[in-house]
Structures are given as C-alpha cells and as structure tokens.
Amino acid sequence: MSDGSRERILAAFASYLDKHLGIHFESDKYEEIFLVLKRNIPDKDESAAIDYMQKVVGSLGNNNKFLPELANWFSINETYFFRHGCGFEELQEHLLPELIEKRRSEKTLRIWSSGCSIGCEPLSLVILIQEKFPEIHDWNLDILATDIDEENLKKARKGIFREWAFRNINERYKSKYFTQIGEKEYQIDREITDRVSFFYLNLIDESYPLLENGTNALDIILCNNTLIYFSQESIKSVIDKFSRCLLPEGYLIVTASEASYINHPHLNAHGSGCQIFTKEGAQKKAERPPPLQQSPMVAIPVTQTRDYFALFDRGEYELCLGLQEEERELTQEEQILLIRSLANLGKLKEAKSVCKNYLQVDDLSPLLHFLLASIHQELDEVDEAIVEFKRAIFLSPDFIMAHFSLAFIFYTQKNPQKAQIHQKAVLEELKKYEPEDFVPKSDCIKAGH
Ligand SMILES: C[S@@+](CC[C@H](N)C(=O)[O-])C[C@H]1O[C@@H](n2cnc3c(N)ncnc32)[C@H](O)[C@@H]1O
C-alpha cells in the first residue's frame, strides 16, 4: 500500500473515531491508532490493522456494530476510589452541604457520573454520602453512572476491584465497605452498588438531557478525565448538553485541565482550580428577552408565536412554560414539550399533574402514558410507573421503549421472568430496524445499540 493510501485510510478511521466515540487523534498521533489496533486484532500486524480500518469506514450505514469493541479498545479506563482532583473535597466541604440544605423539603438529590469507567467515582460518592451525610440516607437519591464501554459497566455492576483502585481511599472505608475475596481482589458491599444506576450512554449522542434515562434536572454532573480525549467541537457540544441537563444553580465538576476547554454562557467557573462550574440561576436566565421566531423575508406580524421547540433545544425550559399561557389548544407535541420542560426544571409533581390533565382529554395516547410512567419512575413511584408503561404497551404493542423500561424495572426488582418477556419483545421489535435507525419514540437511541 502506498504512503498516500495509508494516510488516507488512517485519516478516515480517525474521523470515524472522532464522530462516533468522541475520541480525537491529531494527525501527528495517528501511529497510536496502529498501536491500539495491533494490540487488539487477531493477526496483530499492520496489514491486518489496515484491513480492519477499511472494513470499519467502508461499512457505510452499518458500522455501528464496531462501536462496542472500539469503545473498549480505545478508551482509557484509568480510575480509582476518591481520585485526586475529581472534586471529592469540594463535594464534601461545600457542594453537598449546600445542596442538602436547599433540597431539605423535597428530599431529592440527583447526581450523574458521566464516563464512570468501572465505577470507582460514583461508588466513592455513595460512600462519601453514607459517611458524611447519613441524614439523607432515606432521600430520593438518584446516582446515575454511564459509560460508553459495556465491559466497564459490567465490571462496575459486579463491584469487584483490584488493589490498584484503592490507592487513595481511607483505610477505614476500605475495611468497612469491601470484603477481600482473592489475593488482590475486593468485593464492594451490594448496598453501595445498589444505590447507583449504571447504564450505557455515549456522550457524543443526543440522548441527553432526557427524562426517560434520568439525565434531566440534575444537581451535579461529574465529568472527570473524559473530555481530555475529545476534540474542541465535541467538548463544546457535550458541555452544551450538560448545561441543559443541570437545574439552575446545579454544578458541573471536571478536572482542572479539562476546565480550561470550557467556555459556556450559562456556566460560571469558580474556585481557584476552576474545576467547578455553576449553572446560572433561574432568575438570571429569565432576564434575557425571549427570542422570537423570525424569517428575514417576511414582515413580522404583531402577534408572533415563540418557537418553543427551538427554545427547548437551547435548554430555555423556563421560557417553554409560556405554553401554559397560550390561549389555544396545544398540539400533542407541544403538550409533551411542556411536560418535558417541567420535568427538566425538576418540577416533577407539576409535570405529573399536567400530564394527567392531558390524559383526561386523550386517554388513548401511548406517548402521554409513557411520559407519565417515566415521571412516576423518576419520583420512585414504581408501581404506578409499571401500570402506565403497561397502558402504553396496550395501546401500542410495538412500543420498544416502554418494553425496555419495564424490562429494566423488573430486572431491578429481581423478577427475571417478567423482565425477559419485555426484553424478548424489545429484541423482536428491533429486528425491524437497521442499526443506524433511531428507535421510534426514543428521539435519539439507535437500534444498533
Ligand atoms: C479515564 S476514565 C475516567 C473515569 C472517572 N471519571 C475518573 O475520573 O476516575 C474515562 C472514561 O470515559 C469513557 N468514555 C470515553 N468516551 C466516552 C463517550 N463518548 N461517552 C461516554 N463515555 C466515554 C471511557 O470509556 C472511560 O471509562
């Protein structure tokens, strides 16, 4: 193969990694791609690596199938409990005490560890809360932990760690929460892992903020040691989505080196290391004049309608509540937008009541039942959630996301028989789609995943 073709295939493959995984290689680092591939493909030589790259970039429309192994080969999984520079001190000293004070009446706290690797970060957080803030033990505490690498997630759920993960943990925590099960292996208490929801999420995708996976109305997002591998453009898009996931005055925590890449109008850096960003408060946001739908070619009518969908996409959820004042019947898309806006602002009870009102008018809408079920689920009203997911399925038997959610609930309830019924339905329905197709009514989840 000529040098030119070799460079071309490398460039195309690097662009694939950037687009689908967020992992960015500058052209002077392309040789590292070879090193990773050679380590992982069976023949371990250069021509096999080139064949593999050609297969990936050449399999147009169906190249999603390579993502799991590529995520596994190319991601850097380094992590350990109470990792330095990941914000644990700030969480303990300032952020958690402040948030606990604010949330005392609702008793909810929602935290997301994105790029969690094998789980040390979210599990450290649960230990920290258990140790330092026992008063919130019975709160509705949602700790989400996501990663792109399924192998990492499996390890996280299993909860077995090697000595290397304990290099910065207080010895007392180690002996209290871990049991030695092998020469150098330790099992963390189930009670700790059970407090975390581990699931797949690719930060490059548009699958957040989303009520259905709980990435909405968050108090804290941790994204440590993950953005450093991303291009500027991907970082910008991820940060913009994070900003929409956070509640006003919520926090984004990144390492000091990643903080320097962040420049977002709604996120204010503070702290000397600049690793904590606070989302601006609701009041400040509301001060900005609401943008109006405009076309440069058409004279602006006196009564303009706001483009609520564009406002929603920009995370202007407060402004979307203007839908409640519209003196007309809302379309179902608008109703759903209003309910999602309330949920994204953390106003779950209000979202539930609005959703129920719309269902009184149209009880045959599978989407509204599904949304109501997702709200119940977020409020920890699991029995009600099951009823509503079942209604959505009754009205629309091929509703993949409703089957998926029920399978998830039944698995967490340790009821594998029921879970498998819905899991089977998901797999059957998915056969109708190409891997690159979006799952219907999911907005952003690809069938291939
Ligand atoms: C170095 S680890 C960081 C783990 C932990 N946050 C910490 O600081 O200890 C980076 C993690 O980001 C994950 N990751 C990389 N690209 C990702 C993407 N596009 N979406 C989600 N996770 C990703 C990797 O799989 C890896 O587990």
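The values are calculated or read from the model by the stated rules, or taken from the named source; none is laboratory data. Quick caveat: nothing in here was measured; it's all calculated off a predicted structure. Backbone-built Cβ (ideal geometry, glycine too); neighbour counts: all protein chains shown.
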For this session: Tell me, yes or no, whether segment 15-25 has at least one residue that is in contact (Cβ under 8 Å) with a residue 40 or more places away in the chain and farther than 25 Å from Ser114 by Cβ.
Result: no
For this session: Tell me which residues, restricted to segment 372-411, are within 21 Å of the chain's Cα centre (by Cα), outside any helix (DSSP H, G or I) and closer than 19 Å to Asp362 by Cα.
Result: none
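Rundown of residues vs (1) over 23 Å from Tyr229 (Cβ atoms); (2) in a helix (DSSP H, G or I), yes/no style:
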| site | (1), (2) |
| --- | --- |
| Cys116 | no, no |
| Glu121 | no, yes |
| Asp138 | yes, no |
| Leu153 | no, yes |
| Arg157 | yes, yes |
Problem set entry | Set Asp383, Asp437: member being surrounded by 13 or more Cβ atoms within 10 Å (Cβ to Cβ) and free of Cβ contacts under 8 Å to residues at least 40 places away in the same chain | Asp437
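Step by step: first the residues of segment 217-269, then only those that are part of a strand (DSSP E or B) and among the charged types (D, E, K, R), then the one that is nearest to the ligand (Cβ to nearest atom). Which residue is that?
Asp219
Given the structure, is Asn77 part of a loop (DSSP other than H, G, I, E, B), within 21 Å of the chain's Cα centre (by Cα) and within 13 Å of the ligand (Cβ to nearest atom)?
yes
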Problem set entry | Conditions (1) in contact (Cβ under 8 Å) with a residue 24 or more places away in the chain; (2) in contact with a Leu (Cβ under 9 Å, 6 or more places away or on another chain); (3) outside any loop (DSSP other than H, G, I, E, B): number failed by Phe82 | (3)
Seminar exercise, completed: Given (1) within 27 Å of Ala71 (Cα to Cα); (2) touching a Gly at 6+ places or on another chain (Cβ under 6 Å); (3) not aliphatic (A, V, I, L, M), Phe242 misses just (2)
Problem set entry | Unmet requirement for Gln130, which otherwise passes all of (1) crowded, with 19+ Cβ neighbours inside 10 Å; (2) away from the ligand (no atom under 11 Å from the Cβ); (3) part of a helix (DSSP H, G or I) | (1)
Problem set entry | Selection status of Glu31, modelled with pLDDT of 90 or more and out of contact with any Lys or Arg (no Cβ under 8 Å at 6 or more places or on another chain) | no
Problem set entry | Residues (out of contact with any Cys (no Cβ under 6 Å at 6 or more places or on another chain), more than 11 Å from the ligand (Cβ to nearest atom), within 23 Å of His20 (Cβ to Cβ) and in a loop (DSSP other than H, G, I, E, B)) located in segment 183-216 | Leu210
Exercise. Which of (1) closer than 30 Å to Lys107 by Cβ; (2) free of Cβ contacts under 8 Å to residues at least 60 places away in the same chain is the odd one out, the single condition Arg306 does not satisfy?
Worked result: (1)
For this session: Go through (1) under 30 Å from Leu246 (Cα atoms); (2) of a type outside the set (Phe, Trp, Tyr); (3) modelled with pLDDT of 90 or more; (4) crowded, with 16+ Cβ neighbours inside 10 Å one by one and return the number of the condition Met53 breaks.
Result: (1)
